[in-house]
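Notes follow the structure.
The values are calculated or read from the model by the stated rules, or taken from the named source; none is laboratory data. Worth saying up front: this structure is predicted, and the values here are computed from it rather than measured. All Cβ positions, glycine included, derive from the backbone under ideal geometry; neighbour counts span all protein chains shown. Note: accessible area is taken over every heavy atom of the protein model, side chains too, but ligands, DNA and RNA are not part of it. Shrake-Rupley method; radii C 1.70, N 1.55, O 1.52, S 1.80 Å.
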Amino acid sequence: MTKRDYYEVLGVERNASSEQIKRAFRSKARHLHPDNKESGDESAFKELAAAYEVLSDEQKRSLYDRYGHDGLTGGAGGFEGMDFGAFSDLSEIFSQFFGGGPRSGFRRSPVERGADLKYDLQLEFLEAVFGCEKKISVRHLEDCTVCSGNGAAPGTGPVTCSTCAGMGQIRQTTSTFLGQFTQVITCPNCGGEGTRVEKACSNCKGRGQVRKSRDIELKVPAGIDGGSRLRIPNAGDQGRRGGPPGDVYVVVHVSEHPGFVREGTTIHVRQPVSFSMAALGGELSVPTVDGPRVVKVPAGTQSGTTVLMRGHGVPQLNNPTRRGDQIVHLIVETPTRLSAEERKLLEQLAELRHERLKSAEPEPVEENAGDESGGRAREKTRDATRDGGSIMGKIADFFGAKDAGNE
Ligand SMILES: [Zn+2]
Ligand SMILES: [Zn+2]
């Protein structure tokens, strides 16, 4: 099918200004609009709307100017197959032509996109690290197969709504102290559909859709973390009256692991190290998500020292060949229950290292006041001796000196 030149459709020159294009469109649209009983022509109007859609948009117009109709089909827009309902953004302009009444512009598009659904998925720690395949069951709305989605019992069909005469909208006039206001509202009788079901389909109770379980094979990518969302396109509720389906959003939850703590792509592990190994150094088997691996513990390791194990962390979500690291936190364990022999060996060790197990100076304060062997008590005794031992001695010293001064 050959397409007419858009400038020709609008009846304007190729160098027409946007204002001229708008004016030409308005006058022709009024004439060709399907609601116009004398001269309405739906296919001509569609052609006109398509032409205006392109020429009123600077970017699309320049594409069209350079490449013609071909310039518009391959690109991001893809105007081929555009339907009548897609021009709903023009409805505002139409309402200006036709006075904003119920017959103005387009009726509300009866096609409705289905709802998006949420699914909570619980994963084990390692499933999130390495990814997995899950079969999930989603309950979504599908068109009723008994009534083909129109909600009417077999043998009957939806009838035109008498309230809105099939338009889906009605004019409502409200009186207020400021005067009368008229507004166009969705028809309350048919909910904007323009038709009503007289005898409801028993399978879907007139709703046109039924909820059904559907199994979906879900591929969970490696490196996913709790709180992430996975989108399954078109698995949500089916759209009403042939509308596009919604999506399913899978919200990921990850269980905690008794040994591993995840921080992004890094995994932390607490690894106890014996007192002797911390001092002497050695090798330890440490758990990783890839299984146990041996790490070297350097001699003289302090509690809290970390060891980096490269590449044993979590794969990057979008680049799973690259992996994070594991950090091992070495915790030196002090032995608690010593056998007599162990105690003896440790005491020998302390002796060799000249480590005092008891403090020499100052001596610990004895809280028992009556114990005269305490340091404080001994100090006091020494002072008293130096000062003459008694108050009588002090007095004697004082008088003696005075006497000497008088001599
Ligand atoms: Zn049904
Ligand atoms: Zn109605």
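Computed quantities for the displayed model
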item	result
Residue count for the range 238-271, restricted to those that are charged (D, E, K, R) and closer than 30 Å to Gly304 by Cβ	4
Positions within the range 272-288 being of a type outside the set (Ser, Thr, Tyr) and open to solvent by 20 Å² or more (accessible area, probe 1.4 Å), in sequence order	Pro272, Phe275, Met277, Ala279, Leu280, Gly281, Gly282, Glu283, Leu284, Pro287
Where a residue in the range 154-171 is more than 15 Å from Gly191 (Cβ to Cβ) and its partner, wherever it lies, is away from ligand 2 (no atom under 11 Å from the Cβ) and of a type in the set (Lys, Arg), with Cβ under 7 Å and at least six apart	Thr156/Lys199
Residue pairs meeting the criteria (Cβ under 6 Å; at least 6 apart or on separate chains; first hydroxyl-bearing (Ser, Thr, Tyr), in the range 129-151; second open to solvent by 40 Å² or more (accessible area, probe 1.4 Å))	Ser137/Ser213; Ser137/Asp215
Residue within the range 300-309 that is under 27 Å from the mean Cα position of the chain (by Cα) and in the same structural domain as Ser276 (by TED's automatic domain parsing) present	no
Scope the range 304-335; condition of a type in the set (Ser, Thr, Tyr), outside any strand (DSSP E or B) and open to solvent by 70 Å² or more (accessible area, probe 1.4 Å); matching residues	Thr334
Subset of the range 289-303 [open to solvent by 70 Å² or more (accessible area, probe 1.4 Å) and outside any loop (DSSP other than H, G, I, E, B)]	Arg293, Val294, Lys296
Some residue of the range 119-129 being within 15 Å of ligand 2 (Cβ to nearest atom), open to solvent by 50 Å² or more (accessible area, probe 1.4 Å) and charged (D, E, K, R)	no
Matching residues, the range 19-34, being open to solvent by less than 40 Å² (accessible area, probe 1.4 Å) and farther than 12 Å from Tyr7 by Cα	Ala29, Leu32, His33
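Table: residues versus (1) surrounded by fewer than 16 Cβ atoms within 10 Å (Cβ to Cβ); (2) of a type outside the set (Lys, Arg); (3) in contact with a strand residue (DSSP E or B) (Cβ under 6 Å, 6 or more places away or on another chain).
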{"site": "Glu142", "(1), (2), (3)": "no, yes, yes"}
{"site": "Thr173", "(1), (2), (3)": "yes, yes, yes"}
{"site": "Gly179", "(1), (2), (3)": "yes, yes, no"}
{"site": "Ile185", "(1), (2), (3)": "yes, yes, yes"}
{"site": "Val197", "(1), (2), (3)": "no, yes, yes"}
{"site": "Ser202", "(1), (2), (3)": "yes, yes, no"}
{"site": "Ser213", "(1), (2), (3)": "yes, yes, yes"}
{"site": "Lys219", "(1), (2), (3)": "yes, no, yes"}
{"site": "Gly227", "(1), (2), (3)": "yes, yes, no"}
